[in-house]
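Asks: Let me give you the structure first, and then I'll get to my questions.
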Amino acid sequence: MTDFIRAGRLFRVVGFNPSHRQLFLQSEATLVDQTTTRIEIYIGHVELMLLQPFYSNGIHIRRASPDEFAVLKERHGLESSDAEYTWMLDPDGGSFVVGGNPSWREAEYALMGDRESLYDLSKSWPPDFPVESGHVN
């Protein structure tokens, strides 16, 4: 998959582990937007990020275009080699992460049982309920 798009959903930053350089974003199932799934996004090896705490109109994760990367390179002193690892998080390009390839997992919230996170390393993977997952390349 080249892009990860989930329009119309509320996403929020739920965690950043600085010692492991891991970023986690999440969208809960809500009655407001009539969704029944939980979506979790993981980005590892984070070097630099400019984030909003909430993305109320959804998320669109994609590699930065050459023009976008040129602006970010100038503003933030990025190396040319960072272009391959620079990910835009929203359609207008206001948020970005320099890190490893983002991965995502999505499952029906009602089926998750006692699992608090789809990225819970103490639980077996894949779980015993249907789940979709992938990477942004």
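The values are calculated or read from the model by the stated rules, or taken from the named source; none is laboratory data. Computed from a prediction, not measured in an experiment: that's the story for all the values here. Please note: Cβ atoms are built from the backbone with ideal geometry, for glycine as well, and neighbour counts cover all protein chains shown. Heavy atoms of the whole protein, side chains included, go into the accessibility calculation; ligands, DNA and RNA do not. Shrake-Rupley method; radii C 1.70, N 1.55, O 1.52, S 1.80 Å.
Asks: Of (1) within 17 Å of Gly134 (Cβ to Cβ); (2) more than 11 Å from the chain's Cα centre (by Cα); (3) surrounded by 17 or more Cβ atoms within 10 Å (Cβ to Cβ), Thr2 satisfies all except one. Which?
Replies: Unmet for Thr2, out of (1) within 17 Å of Gly134 (Cβ to Cβ); (2) more than 11 Å from the chain's Cα centre (by Cα); (3) surrounded by 17 or more Cβ atoms within 10 Å (Cβ to Cβ): (3).
Asks: Taking the stated definitions as given, is Ala29 farther than 15 Å from Val97 by Cβ, in contact with a Ser or Thr (Cβ under 6 Å, 6 or more places away or on another chain), modelled with pLDDT under 95 and surrounded by fewer than 18 Cβ atoms within 10 Å (Cβ to Cβ)?
Replies: It is true that Ala29 is farther than 15 Å from Val97 by Cβ, in contact with a Ser or Thr (Cβ under 6 Å, 6 or more places away or on another chain), modelled with pLDDT under 95 and surrounded by fewer than 18 Cβ atoms within 10 Å (Cβ to Cβ).
Asks: Please find, within the stretch 57-83, the residue that is farthest from the chain's Cα centre (by Cα) out of those that are open to solvent by 80 Å² or more (accessible area, probe 1.4 Å) and closer than 30 Å to Glu108 by Cα.
Replies: Selected residue: Asn57.
Asks: Restricting to the stretch 32-43, count the residues that are surrounded by 15 or more Cβ atoms within 10 Å (Cβ to Cβ), in contact (Cβ under 8 Å) with a residue 40 or more places away in the chain and out of contact with any Leu (no Cβ under 6 Å at 6 or more places or on another chain).
Replies: 4
Asks: If you don't mind, another one. Under 6 Å by Cβ, and 6 or more places apart or on different chains, what pairs join a residue from the stretch 55-82 that is at positive phi with one that is charged (D, E, K, R)?
Replies: From residues that are at positive phi, the pairs are Gly58/Arg6; Gly58/Arg9.
Asks: Checking the structure you have, find out if any residue of the stretch 13-20 is without any contact (Cβ under 8 Å) to a residue 24 or more places away in the chain, surrounded by 12 or more Cβ atoms within 10 Å (Cβ to Cβ) and outside any strand (DSSP E or B).
Replies: Checked the stretch 13-20: no residue is without any contact (Cβ under 8 Å) to a residue 24 or more places away in the chain, surrounded by 12 or more Cβ atoms within 10 Å (Cβ to Cβ) and outside any strand (DSSP E or B).
Asks: Within the stretch 97-137, how many residues are under 30 Å from Asp82 (Cβ atoms), of a type in the set (A, V, I, L, M) and crowded, with 17+ Cβ neighbours inside 10 Å?
Replies: 4
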